[in-house]
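Rule-based calculations on the coordinates, nothing more; no lab input. Keep in mind that what you see is a predicted model, and the values were worked out from it rather than measured. In this analysis, Cβ positions are derived from the backbone assuming ideal geometry, glycine residues included, and neighbour counts consider all displayed protein chains.
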Amino acid sequence: MPDDDHSVISARDAKRLFADWKDVPAIVLAVSGGPDSIALMWLAARWRRNLARGPRLIAVTVDHGLRAEAAREARDVKRLARALDLPHRTVRWNGAKPKTGLPAAARAARYQLLAQAARTSGATHILTAHTRDDQAETLLMRMLRGSGIAGLAAMARQSERDGVLLARPFLHISKSQLVATLNRAKIGFADDPTNRDMNFTRPRLRALLPALAAEGGDARNLARLASRLARANAAVEVLADGAERYLALREREASRPGFDAGIAGFKVFDFEAFAAVPEEVRVRLLQRAIDRFGPEGPAELGKVEALLSALDRASATTTGGKRPKLKQTLAGALISLVDGRIRIEQAPPRRRRGD
Ligand SMILES: Nc1ncnc2c1ncn2[C@@H]1O[C@H](COP(=O)(O)OP(=O)(O)OP(=O)(O)O)[C@@H](O)[C@H]1O
């Protein structure tokens, strides 16, 4: 596929872009009415038409009830869907609209509504039109927030959310290619002014991108960095799986009950064995256990790092006996270091409050 930022996406390119999903039964296309998702709908419809057998496509638009024009835009999407011979549904977000954190609340509601629409129409997948530019923005946002490797891996090509698979076929495609494709096909799209509203973080970061690109940090490079970090993150996950198995084996060998968290309702690590694991993997192990037993998780990375340091400090102190050397709650989990072992379990409600 030509990798020119403004090149038109051909039917043959689309075949390659959507190939991973040709054998699934039904797909929801998440179509806001903006250029990226209109291109998604148009290209997916054309791809499907050229297949003898393929998934059922259902276009879904979420009306967040936040802008007066949203209902009209949803009707425009419906009209185009009809012309493309695709079923279309508009679903409305009727929930309370918070004064702060509105974009995050709208996003969470949107994914829930899309997942619901997928389930009711028998679709296993939701395709969104996230582009390379969105990926670059996500990476930047997370860099500024000080995320770890997992966060800097940004958006995955496919991930599970609310019980359905969320897939992003355009993650390596530039927005300008999608716009060029629509312009060539003479297909119109909506312009959402929220995308330029400088009251929100994302548009402010988007405005920085041209200056970064001038220094060589264009969306392509940033998205590539996210891919590399995704690769590193996958490797750390595999290492964490191995370390978890190894530590469980140590517990079994020591004939100490309780290593099987599923049965015991808690997780234990022999401190000495745990300390020998690379730090990044130790962080993951703590995160996983806290996630599992802490009802208020996931725990913030910075807090898990602080816990790790506290465990190290506590283990270095010389107080003997079976008294816990450390007892701390995090995200609803109780973490204690006692008798040379780290124990992680759900905190009693009384302790959870003081988190
Ligand atoms: N109102 C909507 N209805 C249906 N799909 C939508 C809607 N808004 C966004 N989407 C889907 O999500 C994709 C990303 O949109 P956008 O970048 O505006 O979302 P975002 O708020 O940044 O969320 P994310 O964190 O998922 O990137 C769109 O290309 C489209 O596929």
>> For segment 21-91, take N as its residue count and report Rg(C-alpha) divided by 2.2 N^0.38 Å.
In response: 1.10
> Taking other Cβ within 10 Å of each residue's Cβ, how do K15, K99 sort, fewest first?
Replying inline: K99, K15
>> Can you give the FRET efficiency to the nearest 0.05 for K97 and K22, using r as the Cβ-Cβ distance and R₀ = 35 Å?
In response: 0.35
> For I38, I149, what ranking results if the residue with the fewest other Cβ atoms within 10 Å of its Cβ goes first?
Replying inline: I149, I38
>> Shape verdict for segment 42-158, please, from the Cα gyration tensor: rounded (a/c under 1.5), prolate (a/b greater than b/c) or oblate.
In response: oblate
>> Checking the table K97/K327; K99/K327; K99/K267; K22/K175; K303/K325; K97/K267 against a 30 Å threshold on Cα-Cα, which pairs fail?
In response: K97/K327; K99/K327; K99/K267; K97/K267
> By how many degrees, 0 to 90 and rounded to 10, does the Cα axis of helix 175-185 deviate from the longest principal axis of the chain?
Replying inline: 20
> Classify segment 11-230: rounded, prolate or oblate, from the alpha-carbon gyration tensor (a ≥ b ≥ c, eigenvalue square roots; a/c under 1.5 rounded; otherwise prolate if a/b is larger than b/c)?
Replying inline: rounded
>> Starting from 0.36 nm per residue, how many nanometres of slack lie between D5 and E253 once their C-alpha separation is accounted for?
In response: 83.5 nm
> Helix 70-83: angle to the longest alpha-carbon principal axis of the chain, degrees 0 to 90, nearest 10?
Replying inline: 70
> Where does the charge balance sit around M198 when Lys and Arg score +1, Asp and Glu -1, over other residues with C-beta under 12 Å from its C-beta?
Replying inline: +3
> Relative to the longest principal Cα axis of the chain, at what angle does helix 201-214 sit, 0 to 90 degrees, rounded to 10?
Replying inline: 80
> Hey, fewest Cβ within 10 Å first, where do H130, H64 land in order?
Replying inline: H64, H130
> Residue by residue through segment 110-116, which ³J(HN,Hα) values in whole Hz follow from phi under the Karplus form 6.51 cos²θ - 1.76 cosθ + 1.60 (θ = phi - 60°), with glycine and proline marked x?
Replying inline: 4, 5, 5, 5, 5, 5, 4
> Given the rule -39500 (n - 2.57) for each run of at least 4 DSSP H residues, summed and divided by the residues of the chain, what is its mean residue ellipticity at 222 nm, to the nearest 500 deg cm²/dmol?
Replying inline: -16000 deg cm²/dmol
